[in-house]
Amino acid sequence: MKIEGKKRVLREMVLHRRFEERCYQAYIERKIGGFLHLYPGQEACCNGVMEAARPGHDYVITGYRDHVHAIKCGADPKEVMAELYGKETGSSKGRGGSMHIFDAAHRFMGGYALVGGPFPLAAGIAKAIQLKGGDEIAICFLGDAANNQGVFHETLNMAALWKLPVLFVCENNLYGIGTSIERSTAVIHQHKRVAGYNIPADECDGQDIEIVYEHARKAVDHVRSGNGPFFLELMTYRYRGHSMSDSRGYRSREEEELWKQRDPIFILRDRLIAAGELTMEAFEALEKETDAYIENEVIKFSEDSPEPRVEDLEKYVLADRETQTPWLTGKAA
Amino acid sequence: MANIMYWEAIQRAHDEEMTRDPLVICMGEDIGVAGGTYKATKGLYEKYGPLRVMDTPISEGGFTGLAIGASFLGVRPIVEIMSVNFAWLAMDQMFNSAAKIRYMSGGQLEAPCVFRSAGGAAHQLGAQHSARMEKVFMGIAGLRVVTPSNPKQAYGLLKSAIRSNDPVFINEHELMYNMKGEVPDTEYFHPLEGSDVTRSGTDVTLFGYNISVHWCLKAAEILDKQYGISAEVVDLYSLAPLDRAGIKASVSKTHRAVIAEEDEAPVGVGSEVIAIINEECFFELDAAPVRVHSALVPQPYNHTLEKAAIPDHEDVVKAVLKLFGKA
């Protein structure tokens with residue numbers, strides 16, 4: 001990564017961290033309802049991979065911990081927050097919520113709330129790319145626990161069989177909801193599980209963005225060059241619970257502290273400071289500036305935006321009738 | 001008009017749409033090289049090649065999800081699920097992904113997929129290959145469900161389903177693939193909504209869909225010839241949405257209703273039709289509507305037990321006679 005790129009991505013990661021922390025606060029204030037799954041601790045995963053890919057050009061799909069992936073693809077943080085507020089101006093017009101952020105214009109194909117559900121969807125997106133002949137790739141970000149679903153294996157088999165341009169990124173954060181990987185999964189290192197499908201795989205530290213970037217570059221090149229799927233495992237950790245209803249009673253505070261020593265933002269920050277490219281004062285200013293942006297623009301936009309109209313309750317269930325007349329009535333339009 | 005078989009009608013719809021649009025593809029188990037269990041995709045592999053006619057592994061959840069993902073980018077996949085019993089494995093993707101994607105994305109994405117499957121009980125296929133599952137599909141918001149009762153519908157409904165921007169589940173029947181019928185020589189789109197009055201009558205309406213339309217038609221013939229009862233037969237080819245206006249119009253004319261379904265009764269097509277009658281035209285009724293349906297049992301293997309579990313035209317005749325106090 002070049003120095004300017006590192007500085008830019010640090011700014012982005014700080015935004016991602018502060019955005020998520022502000023969501024936590026808004027949830028406590030009951031501005032946000034439903035389930036809320038936050039990303040702090042894992043920022044280097046999404047950012048490292050997407051720095052090696054082409055955000056807005058490549059198709060990205062993920063699970064319910066999806067705010068940061070959407071923003072990284074190009075979604076406006078204001079619209080993502082407005083979605084959490086359930087507003088008409090939200091990414092999904094208030095119909096989706098935290099777990100269902102979409103931004104088709106930036107090729108962010110959504111957050112899905114069935115664990116493992118995006119696997120075959122990602123392969124399908126790759127199939128469409130293959131049919132249309134584009135140079136895009138599909139990138140599927142999911143956690144380690146999703147690999148215990150049947151569709152994981154079904155999808156790997158098909159992706160390898162048909163050489164689909166899809167990169168599977170496994171963000172191994174060591175927990176599936178509140179059950180540790182040791183207690184749920186016979187194999188800790190997930191990349192070993194794909195060997196049975198003849199899919200090349202790699203594993204690396206998911207906390208150091210430069211390491212993630214280097215590994216992701218090879219993975220992305222492999223897929224974009226028409227060699228079929230690739231599986232990249234990133235070892236990482238989520239600081240907060242699975243969702244807001246989780247008080248993390250299943251793990252020790254010592255373990256959490258150990259991981260926070262390897263915070264992805266601090267690793268990059270300290271490296272830039274050591275290189276003389278950043279000062280601690282400048283970093284603290286960046287945090288303040290980011291918080292001000294979130295408060296004055298993101299939160300304000302969300303607060304001020306209108307709710308969806310109750311008259312529109314059934315809008316978006318089916319395609320607009322006018323566009324479907326010939327098939328609904330049997331008569332040409 | 002060509003007199004062709006149900007499977008040929010389905011094959012023709014595939015062929016025409018795949019010729020027209022390179023993004024129409026089909027996939028399923030044994031549909032390519034083997035030509036399809038019911039021949040519905042015969043010759044397509046040779047004509048369009050393996051990229052567009054995909055023999056899938058036996059992974060219903062996986063390949064159904066793959067089709068849905070492809071449809072997000074404008075591909076129009078026709079997915080064949082060899083037996084509707086296997087659709088249980090694909091329902092997560094059909095219901096959670098395809099049916100909800102437009103809504104939960106605020107209209108940004110859509111899943112113009114077609115899922116075709118052989119439903120119904122055939123001959124002694126036992127509990128896990130004889131399911132009727134239309135009741136499961138018809139209650140899902142965002143999913144259209146149609147079920148052809150003849151080759152013309154099989155052709156025209158598939159044509160419309162492929163063009164539709166909504167996901168459509170097409171419930172076919174294992175016993176009907178070799179049924180012959182007239183299909184227009186020119187391109188024809190059957191409406192995805194509504195119902196057909198297949199036989200006009202004045203004394204009672206017999207509601208059927210798919211195979212049970214044929215029980216109703218046979219029963220109507222017997223009722224007319226032997227009992228002087230004029231039965232109207234309404235073909236509910238669209239199960240989601242059901243044709244409220246059509247149900248109301250017919251019952252308002254005949255004042256009596258019998259609903260014949262091969263599915264078991266609870267939470268089924270009959271329950272829904274009766275609910276619609278209650279809501280739309282309760283005071284038009286001269287008698288309480290009656291359901292003719294399968295026994296609530298896992299389908300037995302034994303031939304005699306199987307026959308006892310599934311209704312036929314005689315059960316429809318009996319239900320009508322009972323309605324008229326003649327049995």
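The values are calculated or read from the model by the stated rules, or taken from the named source; none is laboratory data. Since this is a predicted model, take the numbers as computed values, not measurements. Using ideal geometry, Cβ is built from the backbone for each residue, glycine included, and neighbour counts are taken over all protein chains shown.
Remarks
- Residue within region B:295-302 that is free of Cβ contacts under 8 Å to residues at least 60 places away in the same chain and in contact with a strand residue (DSSP E or B) (Cβ under 6 Å, 6 or more places away or on another chain) present: yes
- Scope region A:161-189; condition surrounded by 19 or more Cβ atoms within 10 Å (Cβ to Cβ) and part of a helix (DSSP H, G or I); matching residues: A:ILE181
- Failed criterion for B:PRO57 (all others in (1) surrounded by fewer than 22 Cβ atoms within 10 Å (Cβ to Cβ); (2) farther than 21 Å from A:LEU164 by Cα hold): (2)
- Exclusive hit being buried (at least 24 other Cβ atoms within 10 Å of the Cβ), polar (S, T, N, Q) and within 12 Å of another protein chain (Cβ to nearest Cβ), set B:THR41, B:THR64: B:THR64
- Failed item, numbered, when B:TRP7 is tested on (1) part of a helix (DSSP H, G or I); (2) hydrophobic (A, V, I, L, M, F, W, C); (3) within 14 Å of another protein chain (Cβ to nearest Cβ): (3)
- Note on region B:44-61: residues that are part of a helix (DSSP H, G or I) and more than 7 Å from chain A (Cβ to nearest Cβ) total 6.
- A count restricted to region B:91-109 and to residues that are in contact (Cβ under 8 Å) with a residue 24 or more places away in the chain, part of a loop (DSSP other than H, G, I, E, B) and either more than 17 Å from B:LEU66 (Cα to Cα) or not aliphatic (A, V, I, L, M) (or both) stands at 1.
- Unmet requirement for A:ALA128, which otherwise passes all of (1) within 30 Å of B:GLY49 (Cα to Cα); (2) of a type in the set (Gly, Ala, Ser); (3) within 14 Å of the chain's Cα centre (by Cα): (3)
- Any pair with Cβ under 7 angstrom, 6 or more apart, that starts in region A:69-95 at a residue that is within 12 Å of chain B (Cβ to nearest Cβ) and ends at one that is surrounded by 24 or more Cβ atoms within 10 Å (Cβ to Cβ) and modelled with pLDDT under 95: none
- Residue check, A:GLU322 without any contact (Cβ under 8 Å) to a residue 60 or more places away in the chain, over 27 Å from the mean Cα position of the chain (by Cα), in a loop (DSSP other than H, G, I, E, B) and within 14 Å of chain B (Cβ to nearest Cβ): no
- Filter result (in contact with a strand residue (DSSP E or B) (Cβ under 8 Å, 6 or more places away or on another chain), over 18 Å from A:ALA126 (Cα atoms) and not in a strand (DSSP E or B)) within region A:217-237: A:LYS218, A:THR236
- The number of residues in region B:72-102 being surrounded by 21 or more Cβ atoms within 10 Å (Cβ to Cβ) and within 7 Å of chain A (Cβ to nearest Cβ) comes to 6.
- Selection from region A:71-121 of residues that are aromatic (Phe, Trp, Tyr) and either within 12 Å of the chain's Cα centre (by Cα) or farther than 20 Å from A:GLY33 by Cβ (or both): A:PHE102, A:PHE108, A:TYR112, A:PHE119
- Unmet criterion (only one of (1) free of Cβ contacts under 8 Å to residues at least 12 places away in the same chain; (2) within 27 Å of A:LYS78 (Cβ to Cβ); (3) touching a Ser or Thr at 6+ places or on another chain (Cβ under 8 Å)) for A:GLY241: (1)
- Taken as a whole, the structure places B:MET82 among residues that are touching a residue at least 12 places away in the same chain (Cβ under 8 Å), among the aliphatic types (A, V, I, L, M) and over 17 Å from A:ALA126 (Cα atoms).
- Of the residues making up region A:123-156, those that are out of contact with any Pro (no Cβ under 6 Å at 6 or more places or on another chain) and under 19 Å from B:LEU89 (Cβ atoms) are A:ALA123, A:GLY124, A:ALA146, A:ASN147, A:ASN148, A:GLN149, A:GLY150, A:PHE152, A:HIS153, A:GLU154, A:LEU156.
- Check on B:VAL320, at pLDDT 95 or above, crowded, with 22+ Cβ neighbours inside 10 Å and under 30 Å from A:ARG321 (Cβ atoms): no
- Test for A:ALA113: is it hydrophobic (A, V, I, L, M, F, W, C) and in contact with a strand residue (DSSP E or B) (Cβ under 8 Å, 6 or more places away or on another chain): no
- Some residue of region B:129-143 being more than 22 Å from B:PRO266 (Cα to Cα), surrounded by fewer than 24 Cβ atoms within 10 Å (Cβ to Cβ) and within 9 Å of another protein chain (Cβ to nearest Cβ): yes
- For region A:251-286, a residue qualifies if it is outside any helix (DSSP H, G or I) and either within 20 Å of A:ILE209 (Cα to Cα) or among the polar types (S, T, N, Q) (or both), and the qualifying residues are A:SER252, A:GLN261, A:ARG262, A:ASP263, A:ALA275, A:GLY276, A:GLU277, A:LEU278, A:THR279.
- Once region B:103-123 is narrowed to residues that are away from chain A (no Cβ under 13 Å), of a type outside the set (A, V, I, L, M) and closer than 21 Å to B:LYS42 by Cα, the residue that is surrounded by the fewest Cβ atoms within 10 Å (Cβ to Cβ) is B:SER117.
- Of everything in region B:171-182 that is touching a Lys or Arg at 6+ places or on another chain (Cβ under 8 Å) and surrounded by fewer than 24 Cβ atoms within 10 Å (Cβ to Cβ), the residue that is nearest to B:VAL84 (Cα to Cα) is B:TYR177.
- Some residue of region B:58-67 being modelled with pLDDT of 95 or more, touching a Phe, Trp or Tyr at 6+ places or on another chain (Cβ under 6 Å), over 24 Å from B:ASP166 (Cβ atoms) and of a type outside the set (S, T, N, Q): no
- Look at region B:156-178: where a residue is more than 8 Å from chain A (Cβ to nearest Cβ) and farther than 18 Å from B:ALA67 by Cβ and a partner is crowded, with 24+ Cβ neighbours inside 10 Å and of a type in the set (Asp, Glu), sitting 6+ places away or on another chain with Cβ atoms under 9 Å, you get B:HIS173/B:GLU262.
- Condition met for B:PHE95 (farther than 16 Å from B:ALA9 by Cβ and out of contact with any Leu (no Cβ under 9 Å at 6 or more places or on another chain)): no
- So A:SER252, is it modelled with pLDDT under 95, more than 22 Å from A:TRP162 (Cα to Cα) and surrounded by fewer than 16 Cβ atoms within 10 Å (Cβ to Cβ): yes
- Residue within region A:129-137 that is closer than 22 Å to A:HIS242 by Cβ, out of contact with any Gly (no Cβ under 6 Å at 6 or more places or on another chain) and buried (at least 24 other Cβ atoms within 10 Å of the Cβ) present: no
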